[in-house]
Amino acid sequence: LFGNVEAFAGDPILSLNIAFQGDPRTEKVNLTIGIYMDGNGKVPVLPSVKAAAEKLGFGVRSYIPMEGLADYRRLVQELVFGKGSKLLAEKRVATMQSLGGTGALSIAADFLAKHTPGRPVYVSDPTWDNHHGLFQRAGFETKTYPYWDGATRTLRFDDMMKTLEEAPAGSIVIVQPVCHNPTGVDLSPAQQDALSDLLIAKQHIPVFDMAYQGFADGIDEDASFVRRYAERASSFLVANSFSKNFSLYGERVGGLSVVCATADEADRVLGQLKLAVRRSYSNPPTTGAQIVATVLGDPALRALWEAEVAEMRVRMKAMREALAAEVKKLSNEIDVGFITQQRGMFSYTGLSKAQVVQMRDTDGVYLVESGRMCVAGLTENNVAAVAKSLVAARGA
Ligand code: LMR
C-alpha cells in the first residue's frame with residue numbers, strides 16, 4: 001500500500017540539529033537552529049515563566065475554545081498592535097491562539113488559499129525555507145523578491161521594490177518586520193515606510209511574520225513597522241511567536257491576527273479561523289498560553305520578562321562583537337564586521353556550503369549549509385573556537 005511513498009529528504013534546519021545531538025565530540029558547537037542559549041550554552045527557563053507556572057499550578061485541563069484563551073488573545077493583540085491601537089478599539093482584528101509561529105502561518109496560508117485563492121505568494125530571497133513549504137502546501141505558487149546581496153552583504157532594497165512593483169496587484173507578500181531569518185538584515189524605518197506605500201498602493205496582502213519581537217531593539221520598538229502599517233492599511237495578517245522571546249519552544253505558543261476593514265468582517269473571519277482549527281486539531285493546548293497570559297497580564301512578571309528579553313538581546317549583540325573581535329585577532333584579511341550590524345538570532349556569514357561542511361567535519365562547529373549562523377548559540381566559552389574554525393574554513 002505504501003510501497004511508493006517517497007522518502008523525506010529531511011528539513012535543512014531540523015536535520016542538522018538532530019545530527020548535532022548525535023555528534024560525540026565534546027567541543028561541538030550548535031549554531032544551527034534558532035534556539036536562544038544562555039551564557040552557559042543552555043536553553044533558559046525564564047524566571048518570569050517559572051513564576052507564572054508556579055502560580056498557575058496544574059489545574060483542570062478541559063478543552064479550551066477553538067480560537068484559544070480569551071485573555072491570551074487580548075494580550076497578543078496588545079503586544080503586537082500596542083495597547084492604544086485604533087484597530088483594537090474598532091474591533092477590527094481577528095486573533096487566534098496558534099501552535100507557535102509556524103502554526104500561525106499554516107492557518108494563514110490555508111485561510112488565504114480558501115478566501116483569496118490564485119494569487120502569487122512572494123517571499124524574500126533568501127528566506128526561512130518553510131515559508132515556501134507552508135504556502136505551497138496550501139496550494140500557492142511561491143515566488144521570490146530580491147533581498148540579500150551576497151557581494152556587499154546588504155539589502156537589495158531597490159530590486160526588492162521593483163519586483164514588488166511589477167508583481168500582479170493583490171499579491172500576497174511575506175514580510176519579516178524585524179530580525180530577518182536567515183540574513184539578520186532588516187529594513188530601515190524609512191525603507192519600511194516606502195515598502196508600506198508600495199504594498200498599500202498595489203493592494204498587496206502582507207503577511208508579517210514576527211517571530212523575534214524584542215530581539216532587535218525592544219518589545220515595542222520591534223513592533224513599530226507593523227504598528228505604523230496598521231495605522232494606514234485595512235487588510236493584512238500578522239503571525240507572532242513566543243517560542244524565542246519566552247523560551248517556550250516546545251509549548252507551541254503563538255498567534256495569528258487578521259486585520260479586517262470592519263468589526264463585522266473581523267467577526268466572520270474569526271469564525272473561519274475557528275472552523276479551520278476545528279477541522280485540523282480542534283482546539284489549541286492550554287499550558288503555554290496560560291503562562292504567557294499570566295506573565296503579560298501581571299505588571300511585576302511583565303517587567304521581569306521585559307528585563308529577561310533585554311538580557312537575551314544584549315547577550316546576542318555582545319556575542320556578535322566577540323566573534324568579530326576574535327576573527328580580527330586571527331586574520332587581517334577576513335572582515336566579519338558586518339556580523340555586528342545584523343540583528344536578531346541569525347547572521348548570514350557568506351560562508352559557502354563547502355566551508356560550512358569543513359567547519360562541521362573538522363571542528364564540530366555546526367551552521368546551516370546556506371551559511372546561516374545562529375549567534376544565540378555563541379558563548380564566552382566557544383566563541384574563540386568558532387572564530388578559529390571560521391578563519392580556517394575561509395582560508396581553505
Ligand atoms: C529556525 O529558523 O531555525 C527556527 O525558526 C526554527 C525552525 O522551526 O526552523
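The numbers here are math on the coordinates, done by the rules we state, and not lab data. Here the structure is a predicted model, which means the values were calculated and not measured. In this analysis, Cβ positions are derived from the backbone assuming ideal geometry, glycine residues included, and neighbour counts consider all displayed protein chains.
Summing +1 for each Lys or Arg and -1 for each Asp or Glu among the other residues whose beta-carbon sits under 11 angstrom from that of Cys260 gives -1.
Quick check on the stretch 334-390: take the gyration tensor over C-alpha atoms, sort the square-rooted eigenvalues as a ≥ b ≥ c, and tell me if it's rounded (a/c under 1.5), prolate or oblate. Because a/c hits 1.5 or more and a/b fails to exceed b/c, the stretch 334-390 counts as oblate.
Taking the longest Cα principal axis of the chain as reference, the axis of helix 100-115 is set at about 50 degrees. Cross-link reach is defined here as a Cα-Cα straight distance under 27 Å, omitting same-chain residues fewer than 8 places apart; for Lys83 the lysines meeting it are Lys50, Lys55, Lys91, Lys244, Lys274. In straight-distance terms, cross-link reach from Lys328 covers every one of the lysines whose alpha-carbon lies under 23 Å from its own, apart from those fewer than eight places away in the same chain; here that gives Lys28, Lys317, Lys353, Lys388. Helix 383-395: angle to the longest alpha-carbon principal axis of the chain, degrees 0 to 90, nearest 10? The two axes meet at around 70 degrees.
Phi-derived couplings, Karplus 6.51 cos²θ - 1.76 cosθ + 1.60 at θ = phi - 60°, listed residue by residue for the stretch 219-228: 4, 6, 4, 6, 8, 5, 4, 4, 5, 5 Hz, with x used for Gly and Pro.
Karplus-derived 3J(HN,Hα) values for the stretch 6-18, using 6.51 cos²θ - 1.76 cosθ + 1.60 with θ = phi - 60°, are 6, 6, 8, 5, x, 8, x, 9, 5, 5, 5, 4, 5 Hz; glycine and proline are entered as x.
Taking 0.36 nm per residue of sequence separation and removing the Cα-Cα distance, the Val357/Arg61 pair yields an extension gain of 101.9 nm. Take 10-22, 282-294 and order them by the average number of nearby Cβ atoms within 10 Å per residue, most first; the result is 282-294, 10-22. Placing unit charges on each Cβ (+1 for Lys and Arg, -1 for Asp and Glu) gives the chain a dipole about its Cα centre, and among Gln176, Ile13, Ser241 the Cα reaching farthest toward its positive end belongs to Ser241. Of Ser347, Ser247, Ser280, Ser188, the sequence from fewest to most neighbouring Cβ atoms within 10 angstrom is Ser188, Ser280, Ser247, Ser347. Placing a label point 7 Å from the Cα of Arg25 along the Cα-to-Cβ direction, the residues of the stretch 381-396 whose backbone N falls under 15 Å of that point are 382-394. Springs join every pair of Cα atoms under 10 Å in this Gaussian network model of the chain, and among Asn381, Asn130, Asn181 the largest mean-square fluctuation is at Asn381. Each residue of the stretch 134-147 is assigned a 3J(HN,Hα), and the resulting list reads 5, 7, 5, 4, 7, x, 8, 8, 9, 10, 10, 10, x, 9 Hz, derived from the Karplus form 6.51 cos²θ - 1.76 cosθ + 1.60 (θ = phi - 60°), x at Gly and Pro.
Other residues whose C-beta falls under 10 angstrom from the C-beta of Ser241 contribute a net charge of +1, scoring Lys and Arg +1 and Asp and Glu -1. Once the chain from Lys317 to Lys83 is taken as fully extended at 0.36 nm per residue, the excess over their C-alpha distance is 81.4 nm. Determine the shape class of the stretch 33-150: with a ≥ b ≥ c the square roots of the Cα gyration tensor eigenvalues, call it rounded for a/c under 1.5, and otherwise prolate if a/b is greater than b/c, oblate otherwise. The shape class here is oblate.
Among residues other than Gln192 with Cβ under 9 Å from its Cβ, the summed charge is -1 (Lys and Arg +1, Asp and Glu -1). Assuming a ≥ b ≥ c are the square roots of the Cα gyration tensor eigenvalues, decide whether the stretch 186-343 counts as rounded (a/c under 1.5), prolate (otherwise, with a/b larger than b/c) or oblate. Here the stretch 186-343 falls in the oblate category. Listed by chain and number, the aspartates and glutamates placed with their C-alpha closer than 13 angstrom to that of Lys329 are Glu321; residues fewer than eight positions away on the same chain are left out.
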